[in-house]
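One structure is given here, and the rest of the page talks about it.
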Amino acid sequence: MTTPDDLLRVEGLSVDFPVSGGLWGRKRAVHAVRDVSFTLSAGETLGVVGESGCGKSTLGRAVLNLIRPTAGRIWWNGSEPAAESLERQRLLRREMTVIFQDPLASLDPRMTIGAQVGEPLDIFEPALPEDEKRRRVAAVLERVGLSADAVGRYPHQFSGGQCQRVGIARALISNPRMIVCDEAVSALDVSIQAQIVALLGDLSREMGVALLFISHNLAVVRQISDRVMVLYLGKVMEIAGRDSLYGAPRHPYTRALLSAVPVPDPDVERNRRRFHLIGDLPSPLDPPKGCVFHTRCPHAVDRCRTEVPDLSGLEGRHHVACHLWRELEFSPSPA
Amino acid sequence: MEAEPRQDRIVLNVSNLTTRFLTPRGTVTAVDGVSFSLAAGETLGIVGESGCGKSQTLFSIMGLLPSNARVGGSIGFEGQELIGLPPGEMNRLRGIRLALVFQDPMTALNPYLTVERQLCEVLEYHKGLSRADARAEALEALRRVHMPEPERQLRRYPHELSGGMRQRVVIAMAMIGKPALLLADEPTTALDVTIQAEILDLLAEQSDSGTAIVLVTHDLGVVARLCDRVAVMYAGRVVEQGPTRAVFHAPRHPYTQGLLAALPRLDDLASAGRKPIEGQPPDLLALPPGCAFSPRCPLADGPCREMSPELLSRDGGCAVACHHADGRGGVS
Amino acid sequence: MTADSGWRRLLRNPMAMAGLTVLGLILLLALFGPFLAAHEIDEVFWDRIGAPPDFAAGFYFGTDANGRDLFARTLAGARVSLLVGTAASLISLVIGVTYGAIAGYLGGRIDAVMMRIVDILYSLPFVFFVILLTVYVGRSLSTIFITIGAVIWLDMARIVRGQTLSLKQREFIEAARAFGATDRRIILRHIIPNLWGPVIISMLLVIPDAILTESFLSFLGLGVQEPNTSWGVLIGDGAQNMMETPWMLLFPGAFLALTLLAFNFLGDGLRDAMDPKE
């Protein structure tokens, strides 16, 4: 059921991409996202982490209605966009916007900054007078820390960090209720990355915008998120409040992930315990039976190879999809 | 290990390396007076953000620069001067005494050759081994990088391997001539963190066996994990250099301090207030007078905007290029 | 704003300006040719068959093998050739770009059907097609326009479709879609402006192609009819006697070469001017 403060509710979402198996091959499908459920409240930031091929970007695109899910339902603000007309679905795009990974590639090279930032206004408020539109573009550019003379310039005249500010301005101008940040700071240098993360955090707080913050960078996700969801091979492994997930990770995959991230402190690095994973990521064309993680899990038992674990709730809003979480030694901190 | 490298085992001695590129818009000084030396078994990390010259430093050592580049200074490798070395001799060094690992393993692998052919070619070409001997050695090289099912992998093509396995093959190729020096340019940036951890372990093993490593990376965590010493670069110059522990625990250059303060960390429980470095990255064609970091530096004053600070040795084996860094550590 | 800075960049490009000036002069010559020439294009001077240039008598370029004033005929030919070139580039611009952009952007079955139509038109034997047309429409300048027009946009459509397919993969197109832009808006505001570079280059290939096709058709006797003429016809005549009367090839040939060169310079300049990265 949908509670009133759920801005977004995703239930049992799956996305398959058909792959042709050659002339005689049987039809196969990449199972990019499998049976994912979560909610996002107004103003909340949900971090989505996982390694390449875990389906995090596909999940973001499905939520944005840029690709059609194979199964599952998505509620937005209490109603189901998929049940409405295409025109209504398009109009929803002023309420949920997106920031992409590559700041330069996601801007049209032949359009001025002013025209790109103002484009959502042209689309959704075509009756807006020209000077009012100019005023709003200038205001949003100022809010993201760009000077007003950026309006007449082109994307290639700006650095990556500044282009990402333009991207944020474009995502903000229609006063959205949710922004999907798809690896929004991954292409940026550390010093600029910190500026952009701080800006996104401020904006989310001030304007009450919910963020679906998709990233492979666990440290950045921790910095900005209220809750965090860990994906592996298209499935949710663990979802919990930020401090609960980072302070007391329960799933073996989350622990391995956290222990693999190098910490910028030589003393900590020398004395760290690491949870090593076995082997490589299995093909999403042919994911393992049972728990998808069992082929690489150091704790896997027979049950893991046959039976798919449900997401079971711990105290609070901590959920973990592992048969063994009760038995596994509790480790309070990955560091 | 954390003092100056022992003189008798010096493998690489770079002094006042300066690399300029002649571009239509003017001369760009990508590497400006970089000096360091490296002993056998030692790992030096070069960190900095895009455009700081860290990769160009590596390519200058390797002699792999485009034709519009002009290199000055000195690069001594096992007692031999590399600058001005004829291309033929440089080629003989590369692949045997000097090896390179790139960010993208596919740039180092030929997509049309099996793993066996790629590995054996080096051996047959440089060492004149027979085919059977080369194959045996290639197999051994794959075992040394902990490749699962090495016999099977020999028959496969690069596109059949995962990113992590490809990078293992590249490291196996690099190490097959038992090089004295391994130059690694962002070797784990394209990999997932769990795979990155394995590749970093692998590099640490190479270093334990006596190979000197220069590791170029933007990731301070990787440096902390792997490197004995670190050089922090900004706008083509080394701004701080020293033992990793000293630099990470008591950074003296405001840029190093800023980087460490800006980086979100997993081990820091009060992670909320990371402090970004304000301002934009430097434009190498229009560097400010004086210290290149001064427009972004909270400490910048008159002298910083007029005179470029020299990289001066301080105590604890560190060197800092800042008018505000005193001799004892910390910024006055 | 885009147009303003683009024009300024174009005006600062000396080669493009030289090209534009030459084209302007040739256009003026073509338009005012009848007033500048001392003789009519079809007036035969029996005493001056294949004569070299004679300024005093007003035969600036000499006469042709039938004793007609070559200067007057070259300028008349310019009118036909420029008209054919302009018409062809307009057709390929309007039909080719729209057709290619729609096929490439919509993709799938629509793209497949649209491109098969292009393949079929391509595979029609050109000369046979022309002969059929002459039978039904008759020999005239409009036959040339219809024939050239029917096939000239095919290359453009293919080029534009290919470019659109690769543009469609670019992230900024997905961004536009994510921000609610309609297909129409994406094609008009994002795809077509980003196609200018390749479109202008192929337009430049189209113009000489059309001018040469016209001369080929005229040579077969299917195009321009005597006494009217075109550069293609004049060059064809001149080439037959190039040893004895070189001026008959030299003057129309120089005009054609100069025009094509000018188009090239102007095209390079336009392409650079339209790229904000320059």
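The values are calculated or read from the model by the stated rules, or taken from the named source; none is laboratory data. Note that this is a predicted model, so its numbers are computed, not measured. Because the Cβ atoms are built from the backbone with ideal geometry, glycine has one as well, and the counts that use them run over all protein chains shown.
Residues that are in contact (Cβ under 8 Å) with a residue 24 or more places away in the chain, out of contact with any helix residue (DSSP H, G or I) (no Cβ under 9 Å at 6 or more places or on another chain) and not hydrophobic (A, V, I, L, M, F, W, C) do occur in the stretch B:83-95.
Yes/no matrix, rows are residues, columns are (1) touching a Cys at 6+ places or on another chain (Cβ under 8 Å); (2) within 15 Å of A:Asn175 (Cα to Cα):
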residue: A:Ala71; (1), (2): no, no
residue: A:Ala83; (1), (2): no, no
residue: A:Arg93; (1), (2): no, yes
residue: A:Pro103; (1), (2): yes, no
residue: A:Ala127; (1), (2): no, no
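Give A:Val98, A:Val144 a once-over and let me know the one that is modelled with pLDDT of 95 or more and under 30 Å from B:Asp283 (Cβ atoms). Residue meeting the stated conditions: A:Val98. Scoring B:Glu160 on the criteria (1) more than 25 Å from B:Val223 (Cα to Cα); (2) surrounded by 21 or more Cβ atoms within 10 Å (Cβ to Cβ) leaves a single failure, condition (2). Note on the stretch C:219-231: residues that are modelled with pLDDT of 75 or more and in a helix (DSSP H, G or I) amount to 1. The set of residues from the stretch B:175-208 being more than 28 Å from A:Leu231 (Cα to Cα), modelled with pLDDT under 90 and in a loop (DSSP other than H, G, I, E, B) comprises B:Ile176, B:Gly177, B:Lys178.
Please specify each residue of the stretch A:189-205 satisfying the condition of being within 13 Å of chain B (Cβ to nearest Cβ) and either surrounded by fewer than 21 Cβ atoms within 10 Å (Cβ to Cβ) or out of contact with any Ser or Thr (no Cβ under 9 Å at 6 or more places or on another chain) (or both). Once the filter is applied, which keeps residues that are within 13 Å of chain B (Cβ to nearest Cβ) and either surrounded by fewer than 21 Cβ atoms within 10 Å (Cβ to Cβ) or out of contact with any Ser or Thr (no Cβ under 9 Å at 6 or more places or on another chain) (or both), the stretch A:189-205 yields A:Val190, A:Ser191, A:Ala194, A:Gln195, A:Ile196, A:Val197, A:Ala198, A:Leu199, A:Gly201, A:Asp202, A:Arg205. Within the set A:Thr58, A:Thr39, A:Thr97, the sole residue that is farther than 26 Å from A:Cys163 by Cα, hydroxyl-bearing (Ser, Thr, Tyr) and not in a loop (DSSP other than H, G, I, E, B) turns out to be A:Thr39. Considering (1) among the hydroxyl-bearing types (Ser, Thr, Tyr); (2) within 14 Å of chain B (Cβ to nearest Cβ); (3) in contact with a Phe, Trp or Tyr (Cβ under 9 Å, 6 or more places away or on another chain), the lone condition that A:Ser186 does not fulfil carries the number (3). A single member of B:Asp208, B:Asp192, B:Asp185 is in contact (Cβ under 8 Å) with a residue 40 or more places away in the chain, crowded, with 20+ Cβ neighbours inside 10 Å and among the acidic types (Asp, Glu), and it is B:Asp185. When the stretch A:276-301 is filtered for residues that are under 25 Å from the mean Cα position of the chain (by Cα) and more than 9 Å from every other protein chain (Cβ to nearest Cβ), the ones remaining, listed by number, are A:Pro282, A:Ser283, A:Pro284, A:Leu285, A:Asp286, A:Pro287, A:Pro288, A:Cys291, A:Val292, A:Phe293, A:His294, A:Cys297.
Let's see how each residue does on (1) out of contact with any Leu (no Cβ under 7 Å at 6 or more places or on another chain); (2) more than 14 Å from chain A (Cβ to nearest Cβ):
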| position | (1), (2) |
| --- | --- |
| B:His159 | yes, no |
| B:Ile171 | no, yes |
| B:Leu191 | yes, no |
| B:Ile199 | no, no |
| B:Val222 | no, no |
| B:Val239 | yes, no |
| B:Thr244 | yes, no |
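Note on the stretch B:237-252: residues that are modelled with pLDDT of 95 or more and in a loop (DSSP other than H, G, I, E, B) amount to 0. C:Ala101: in a helix (DSSP H, G or I) and either under 30 Å from C:Ala181 (Cα atoms) or charged (D, E, K, R) (or both), yes or no? Against the criterion (in a helix (DSSP H, G or I) and either under 30 Å from C:Ala181 (Cα atoms) or charged (D, E, K, R) (or both)), C:Ala101 qualifies. The helices (runs of 4 or more DSSP H) falling completely within the stretch B:83-174 that include 3 or more residues that are within 25 Å of A:Ser283 (Cβ to Cβ) map to B:105-108, B:115-122, B:150-154. Number of residues in the stretch A:206-251 that are more than 12 Å from every other protein chain (Cβ to nearest Cβ) and in a helix (DSSP H, G or I): the value is 3.
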